[in-house]
Amino acid sequence: MKENKRSIPFTIKLLLAMAAFVGMFGAAMVFGAADISIKEVWSAVAANGADDQSLIIREIRLPREIAAILVGAALAVSGAVMQGMTKNPLADPGLLGLTAGANAALALAVAFFPSANYLGITIACFIGAAVGAMLVFGIGSLKKGGFAPFRIVLAGAAVSALLYAIADGVGIYFKVSKEVSMWTAGGLIGVTWKQLQIISPFIIIGIVAALYLSRQVTVLSLSEEVAVGLGQKTMFIKSMLFIIVILLAGASVALVGNMAFIGLIIPHLVRAVVGTDYRFILPMSVVLGGTLMLLADTLGRTINAPYETPIAAIVAMMGLPFFLIIVRKGGKMLL
Amino acid sequence: MIQSAIVKKQRLTLCILSALVAATIIIGMGMGYSSLSFDRLIPTILGEGTFKEEFVLFSVRLPRIIITLLAGMALSLSGAILQGVTRNDLADPGVIGINSGAGVAITVFFLYFDFSAGEFAFLLPVVGFIGALATACIIYLFTYNKETGLQPTALVLIGIGCAMALSGLMIVLISSADRIKVDFIAKWMAGNIWGTDWPFIMAILPWLVILIPFSLYKANRLNILGLSEPVAIGVGLAIEKERIQLLLAAVSLAASAVSVTGGISFIGLMAPHIAKAIVGPRNQLFMPVAILLGGWLLLFADTLGRHLIQPDGLPAGIMVALIGAPYFVYLLLKK
């Protein structure tokens, strides 16, 4: 088995994934409510055409697809890191309360600081994601010996329900639900270059840091004793990884709102292709996460054009089969 | 034999709960946005109120109070049965996706079928039931394992996954619909009790009148099912048959309640638990307590939510989640 997987070098696999990614990016740029040919896409990006088509591409589609890539990569990496850190195959920022926490913080920020700018809201999302994660894992660690993965998922479901209720309640109470839902349900609609400028540094820093620490994630994913034995400062590494996960998940919520399952699907797919070493899993997750989000976004724009189908919904439906398979396959491991 | 002390305790609890329900009903009748004060209540009931007072009481407040009470009872009983059948203390029709299943069916029905206003009230529980049943079948099929039988923990996990995917599907459906209908469904999802008219009461009542006695009649078999499979087979119980009958009852109870009240979780979790904590785990004892308690909890949450924000009120679903999620976490920690 192992031999077989190793027979194709990782670089080739990564290149193949990159090719798929580029192809998907091209498709995402071409398909949409307005018909635009590949040639026009090229001329819009390369030359500085000033006609309508070029404007659509440059001001609407390009930022949007870049946002899709960033969010997909961020969620996939944060999911992979969480799974490695907690040795929990079901870890995902959407399932474990991070997105719900960011959501609640966003509602509170909109309600109490109506004048907050984009950066302020983003920071609120980080804080919220941290609080959500700490609630779930805090509940998990209060118990002696920690929780079985399945209990963490339950705790995540409960905490998420609570945080969503808070977000809804705040939205209704302060009459800001419209503004809040513009953030959370908006998906990728109306992403601008300005938003990207603010958010992308966080995501890029987070991903680079995660890639830098990928060796440590592999060691941690073996077992804590091994990690300590190999001279790892476990506490330090864990806190660093925790911060990375929160950066990535919080930034994604600020950019596109709630999105579950991406962080669950991608790492599992990737593991089937490249094995269990996070030095391979993380870069591959970046590429495939971006590709999957592009696919989901293109679907969302074309299924019911010219209306948009929210991308979160499409991802949730694509994610369920994976979730079922993981639960069914890993039944024993989980309980 | 059941000790008489426990029976006495149960009777006492039932009395106290009935008093609580009555008190909450009176408070609910006397408070609200429109003017109908407490001192005018009795004259209005006796038919001496003005037209406006009668309208407020009989067409606005009373139907809502009754529907809330009935829905709470149905949800609570449904949760109690689910917990017994799956031998999992954390089962709840909302948490494991049955509510979302009913929701999707109702959304489809609402968006794509023509109906007259009169038929609507009676068709809704049926449609909800079909959706809920389909979801329950999917969950059951995925959880059932030929060698090990029904896996209670896997059932909850798969249910959570289904709930997420189904709410995704619902968003897809909504995004392709027109605005007015969307508004209705968005409110429905937040658990806003909307079916506040007499026809809806008539639509939900028959389900309860049949299914409450049925469940109480089955209480003893539920006791045996809760022990363990070998024991249940040993005493001569047709496990599969009983299980399916009880699950059907639970699904139809949840569906009938949810179809008029919208997505309300946690009632089916909290009420049976509190009831068990008071009178012990015997189904025939705690079920009546749970039914009353569930009705009271939902009524209380709705009354509170209605008066917290005037005039629209906070959806009962949000209120219940705010109360219920911490309780869920507490349960997780205690076990």
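If you take just the helices (runs of 4 or more DSSP H) that sit entirely in region A:1-72, which of them hold at least 1 residues that are out of contact with any His (no Cβ under 6 Å at 6 or more places or on another chain), modelled with pLDDT of 75 or more and within 22 Å of A:Thr276 (Cβ to Cβ)?
Details: elements: A:2-7, A:10-30, A:38-45, A:52-55.
Where helices (runs of 4 or more DSSP H) fall fully within region A:1-72 and carry at least 1 residues being out of contact with any His (no Cβ under 6 Å at 6 or more places or on another chain), modelled with pLDDT of 75 or more and within 22 Å of A:Thr276 (Cβ to Cβ), they are A:10-30.
Which one of B:Val56, B:Val60 is part of a helix (DSSP H, G or I), touching a residue at least 60 places away in the same chain (Cβ under 8 Å) and surrounded by fewer than 24 Cβ atoms within 10 Å (Cβ to Cβ)? Show your work before the answer.
On the way: B:Val56 fails: touching a residue at least 60 places away in the same chain (Cβ under 8 Å).
That would be B:Val60, the only listed residue that is part of a helix (DSSP H, G or I), touching a residue at least 60 places away in the same chain (Cβ under 8 Å) and surrounded by fewer than 24 Cβ atoms within 10 Å (Cβ to Cβ).
Note on region A:296-322: residues that are assigned to a helix (DSSP H, G or I) and either under 20 Å from B:Met164 (Cα atoms) or small (Gly, Ala, Ser) (or both) amount to 16. Residues of region B:228-281 that are without any contact (Cβ under 8 Å) to a residue 24 or more places away in the chain and within 24 Å of B:Thr135 (Cβ to Cβ): B:Ile239, B:Glu240, B:Lys241, B:Ile244.
Among the residues of region A:160-181, are any away from chain B (no Cβ under 14 Å) and modelled with pLDDT under 75?
Our first condition is that a residue be away from chain B (no Cβ under 14 Å); within region A:160-181, this holds for A:179.
Among the residues that remain, those that are also modelled with pLDDT under 75 are: A:179.
Looking through region A:160-181, at least one residue is away from chain B (no Cβ under 14 Å) and modelled with pLDDT under 75.
Close Cβ contacts (under 6 Å, 6 or more residues apart or on different chains) running from residues in region B:312-332 that are in contact (Cβ under 8 Å) with a residue 40 or more places away in the chain to residues that are among the acidic types (Asp, Glu) comprise B:Ala316/B:Asp302; B:Ile318/A:Asp168.
Residues in region B:207-229 that are in contact with a Leu (Cβ under 8 Å, 6 or more places away or on another chain) and part of a helix (DSSP H, G or I): B:Trp207, B:Leu208, B:Leu211, B:Ile212, B:Ser215, B:Arg221, B:Leu222, B:Ile224, B:Leu225.
Kindly indicate whether B:Ile185 is modelled with pLDDT under 80, outside any helix (DSSP H, G or I), surrounded by 17 or more Cβ atoms within 10 Å (Cβ to Cβ) and more than 10 Å from chain A (Cβ to nearest Cβ). In short, no. Return a yes/no flag: does region A:278-288 have any residue that is more than 12 Å from every other protein chain (Cβ to nearest Cβ), surrounded by fewer than 19 Cβ atoms within 10 Å (Cβ to Cβ), in contact with a Lys or Arg (Cβ under 9 Å, 6 or more places away or on another chain) and not β-branched (Val, Ile, Thr). Yes; the residues of region A:278-288 include at least one that is more than 12 Å from every other protein chain (Cβ to nearest Cβ), surrounded by fewer than 19 Cβ atoms within 10 Å (Cβ to Cβ), in contact with a Lys or Arg (Cβ under 9 Å, 6 or more places away or on another chain) and not β-branched (Val, Ile, Thr).
Could you tell me which of the residues B:Gly234, B:Gly262 is over 15 Å from the mean Cα position of the chain (by Cα), of a type outside the set (S, T, N, Q) and over 29 Å from B:Lys9 (Cβ atoms)?
Only one candidate qualifies: B:Gly234.
Residue count for region A:76-126 satisfying the condition of being within 14 Å of chain B (Cβ to nearest Cβ) and under 20 Å from A:Ser239 (Cβ atoms): 6.
Keeping to region A:132-154, report how many residues are within 14 Å of another protein chain (Cβ to nearest Cβ) and either at pLDDT 75 or above or in a helix (DSSP H, G or I) (or both). Reasoning before the result, please.
Taking region A:132-154 as the starting set, the residues that turn out to be within 14 Å of another protein chain (Cβ to nearest Cβ) are A:132, A:134-154.
Now narrow it down to the ones that are either at pLDDT 75 or above or in a helix (DSSP H, G or I) (or both): A:132, A:134-142, A:149-154.
The qualifying residues number 16.
The values are calculated or read from the model by the stated rules, or taken from the named source; none is laboratory data. Quick caveat, the model's predicted, so the values are computed rather than measured. Positions of Cβ are backbone-derived with ideal geometry, glycine not excepted, and every protein chain shown enters the neighbour counts.
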